[in-house]
Amino acid sequence: MSRIHGSVEAFKIAIAALRANTARGVLTTLGIIIGIVAVVTTMTAANGLANNFRESVSVLGTDVLYVSRVPWVIQGRFFQFRNRPNLELKDCDELARLLGSSVVVNPTDDTRRPVKYLSEVIENATIIGTTDKHMLVSSAVPEYGRFLTAYDVRFKRPVCVLGTTMREQLFGDVDPINKNIKIGRAEFRVIGVMEKQGSAGFFGGPDFDSQVFVPVTSFVKEFGSRNRSFAFAVKAPRGTDVTDFEYELAGEMRKIRRLAPGEEDNFAINKMDSLLDAFNNVMGVVLMIGVAVTGISLFVGGVGVMNIMFVSVTERTREIGIRKAIGAKRRAILQQFLLESSMICLVGGAIGVALSFAVAEAIDRFVLPASVSLPIVFIALTVSVVVGVISGFIPAWRASRLHPIDALHYE
Amino acid sequence: MTLELRSVEKIYDMNSVAVHALRGVSFKIARNEYVAIMGPSGSGKSTLMNIIGCLDVPTSGTYLLDGADVGSFNEDRLAEIRNEKIGFVFQTFNLLARSDVFHNVELPLIYAGMRPAKRRQLAEEAIARVGLADRMTHRPNELSGGQRQRVAIARSLVNNPSILLADEPTGNLDSKTGAEIMEVFDTLHSEGNTIILVTHEDHIARHAQREIRIFDGLIESDIVQSEAA
């Protein structure tokens, strides 16, 4: 009972003490505010990146496996993959034949070429050679116009489908359908525009909205087939276990590659999961470093609070003496100063969180989708209080240990 | 018996030189006594006051307050005893400058862990007793010296202590105000309180019924005066 009243009173005392020194309190809080803004922004940005990445990678689909010459995520040395033979279009046909008609196999490759419409030029656009089956192995859908057809592929037609960003940049408000654009030196006719997909471009990953899709046959014809290795997107048939299917796929690939038993695979099978795993690993490290670095500013803020609390205790030595003389126990004094320092930090934390919302808003508008989540707010406020308690502890402890007579006679 | 000292000694260690502030002091003070402790500076009077007020403990000897051997208590127990049994009035008032009259008077009750409603009632009563009911929300710097000392007296009374311990209570006041404050003490005594005045002024000491003179760490004289005051 008395402890509850004591806490309420200590709370009032702390508020009174803060009011008495508003200007100093604000300056002290500044360190905490900056620290909290830094930490919250880092966490929010990391969160935004992760969500953004997951969202855009999910375009790939969990039931789609990607056969490629070199794995997406390279562990170990790169050169061990260097002498692997390329994956060619005829390999793709053979794989499709071996796997049977229930399995969708789609060959793709990409290259970089300047894309031009009238005077608008986009240097280094990503050109994807693919087939009509692209729509079956990804969640990509044309927004208007149409996607590539088997007919386009078979007859190497010079047609293309634009990602939504490409359309914006090349055509603005003009209807792109049936307009001719130049990809490298070749002319292609625009037949469709894809829906917005979101981008993992921030990590150097694919930006699905900045791609141009052309028939894989036209792709080979215009951009060459020499030293070109395709990736095969293979969609597991409905109802099969993806892991089982991966073994089957590997087996068929080994046949195509004519690998003897015991020989190592000279191709790679990639999944969205492996990309996500790699991403999460990197993100975890980035987040740790980010929080550690921003944590330093919070630490500096905490040191500032500790400093002010030492000043506060010294200034109020006499007050401490009076309080002790009329019956304040050590714990009461300790509590009083701990509460004061945690409230300074909590106020700073709250202001910091409020500012972080503004910063997150700016990031959201200009860099990538990001928003301050409730758990982050909770963590930030908890951390503020913890910083307050830690940085207030030594001064408060010192205050509580003062001898009443010495404190009373302090000038 | 309210308090009893038995051959109390206090030795301070000042830069490894032992200073004997008290060298065997014994006396008893009964309920409702009005005692002046006198002595020049350096006599050990302040040390004696600190021990009686439970701000310090004797190096040797026994101090019994309401029958409890206070000398063996740790700091937190001493704080409790001060809170329950001692009412301090200091020469320099020692009020909390940033708090109003009410909060200053209420403070001992907060540390006693009393409920707010009860606190308010007791604090208002104590403030009324020293005639400052209309100054409840004033801060110390808005009050005269005499009024401040009245606030301090109200604070010392509010927890209904066994002894009121006043250390040169008129030392910072002009003689007229000082006389008014002494009247307050006289009244409190007539109402049954035990009062110990620490002073070096004879005319203040004359208000008391008993005069204990300290010199060089020892009791020089302990005289019960006639009812002259």
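Values in this text are rule-based calculations from the coordinates and carry no lab data. The model shown is predicted, which means the values in this text are computed figures rather than measured ones. Here the Cβ is made from the backbone with ideal geometry for all residues, glycine too, and neighbour counts use every protein chain on show.
Could you estimate the translational diffusion coefficient of region B:1-127 from the Stokes-Einstein equation, with Rh from the Kirkwood formula over C-alpha pairs, at 20 °C and 1.002 mPa s, in whole µm²/s?
Here the translational diffusion coefficient equals 130 µm²/s.
Are there trypsin sites (Lys or Arg not before Pro) in region A:233-309 that DSSP puts in a loop and that have at most 12 other Cβ atoms within 10 Å, and which ones?
A:R238, A:R258
Placing +1 on the Cβ of each Lys and Arg and -1 on the Cβ of each Asp and Glu in chain A, which of A:I405, A:T130, A:V214 has its Cα farthest towards the positive end of the resulting dipole?
A:I405
In deg cm²/dmol, rounded to 500, what helix-only [θ] at 222 nm does chain A give when every DSSP H run of at least 4 residues adds -39500 (n - 2.57) and the total is split over its residues?
-19000 deg cm²/dmol
Counting pairs on different chains as well as pairs 8 or more places apart, how many Lys pairs in region B:3-224 have Cα atoms under 20 Å apart?
Lysine pairs meeting both conditions in region B:3-224 amount to 5.
I want to verify a result. In a Gaussian network model of chain A, Cα cutoff 10 Å, which of these has the top mean-square fluctuation: A:A46, A:A260, A:A231?
In this elastic network of chain A, the residue with the biggest mean-square fluctuation among A:A46, A:A260, A:A231 is A:A260.
Once you place label points 7 Å from the Cα toward the Cβ at B:E180 and A:V300, how far apart are they in nm?
Simple spin-label model gives 5.6 nm for this pair.
Just the number, please: Stokes-Einstein D of region A:229-356 in µm²/s, Kirkwood Rh from C-alpha pairs, 10 °C, 1.306 mPa s.
After rounding, the answer is 74 µm²/s.
Peptide A:12-20: average number of partner chain Cβ atoms within 10 Å per residue?
Per residue, the number of nearby Cβ atoms from other chains is 2 on average.
What lysines sit close enough to A:K221 to cross-link, taking a C-alpha to C-alpha distance under 22 Å and skipping anything fewer than 8 places away on the same chain?
A:K221 reaches A:K90, A:K116, A:K133, A:K156, A:K179, A:K182.
Springs between alpha-carbon pairs under 10 angstrom, Gaussian network model over chain A: which of A:N83, A:N124, A:N266 fluctuates most?
Top of the fluctuation ranking is A:N83.
If you scale each eigenvalue of the Cα gyration tensor by 5 and take the root, what three semi-axes come out for region A:222-276, rounded to whole angstrom and sorted largest first?
Each semi-axis is the square root of five times an eigenvalue, giving 22, 18, 11 Å.
If I take all pairs of Cα atoms in region A:349-411, what percentage of them are more than 16 Å from each other?
63
Would you mind calculating the gained length between A:S225 and A:V367 on full extension (0.36 nm times residue separation, minus the Cα-Cα distance), in nm to one decimal?
Extra length from A:S225 to A:V367 when fully extended: 47.4 nm.
Other chains' Cβ within 10 Å of A:403-409 residues: what's the mean?
The per-residue average across the peptide is 4.
If one computes P(r) from the Cα atoms of region A:239-307, what percent of pairs lie at distances over 15 Å?
Of all Cα-Cα distances in region A:239-307, 72 percent exceed 15 Å.
Please report, in whole Å³, the volume per residue of the convex hull around the C-alpha atoms of region A:63-270.
135
Helix hunt in chain A: which complete DSSP H runs extend at least 18 Å axially by C-alpha with mean Kyte-Doolittle at least 1.0?
Flagged H segments are A:272-315, A:330-366, A:374-401.
What number, rounded to the nearest 500 deg cm²/dmol, is the helix-based mean residue ellipticity at 222 nm of chain B, given -39500 (n - 2.57) per DSSP H run of at least four residues and division by all its residues?
Helix contribution divided over all residues of chain B: -10000 deg cm²/dmol.
What's the Kirkwood radius of region B:91-183 in Å, using all Cα pairs?
By the Kirkwood definition, the hydrodynamic radius is 13.2 Å.
Spin-label point model (7 Å from Cα, Cβ direction): what's the B:N15 to A:R331 distance in nm?
So the two model labels end up 4.1 nm from each other.
Could you work out the local net charge near A:I122, counting Lys and Arg as +1, Asp and Glu as -1, over the other residues with Cβ closer than 10 Å to its Cβ?
Around A:I122, the surrounding residues sum to 0.
Per-residue counts of other Cβ atoms within 10 Å, averaged by peptide: what ranking do you get for B:165-177, A:7-19, A:381-393, B:130-142, highest first?
Result, highest mean Cβ count within 10 Å first: A:381-393, B:165-177, A:7-19, B:130-142.
Run the Debye formula on the Cα coordinates of the protein assembly as shown, all scatterers equal and no solvent, and tell me log10 I(q)/I(0) at q = 0.05, 0.06, 0.09, 0.12 1/Å.
-0.49, -0.58, -0.80, -1.17
Rounded to two decimals, what is Rg over Rh for region B:3-224 when you use alpha-carbon atoms and the Kirkwood radius?
Result for region B:3-224 is an Rg/Rh of 0.97.
How much net charge surrounds B:V19 when only other residues with a Cβ under 11 Å from its Cβ are counted (Lys, Arg +1; Asp, Glu -1)?
+1
Divide the volume of the convex hull of the Cα atoms of region B:158-222 by its number of residues and quote the answer in cubic angstrom per residue.
Dividing the Cα hull volume of region B:158-222 by its residues yields 107 Å³.
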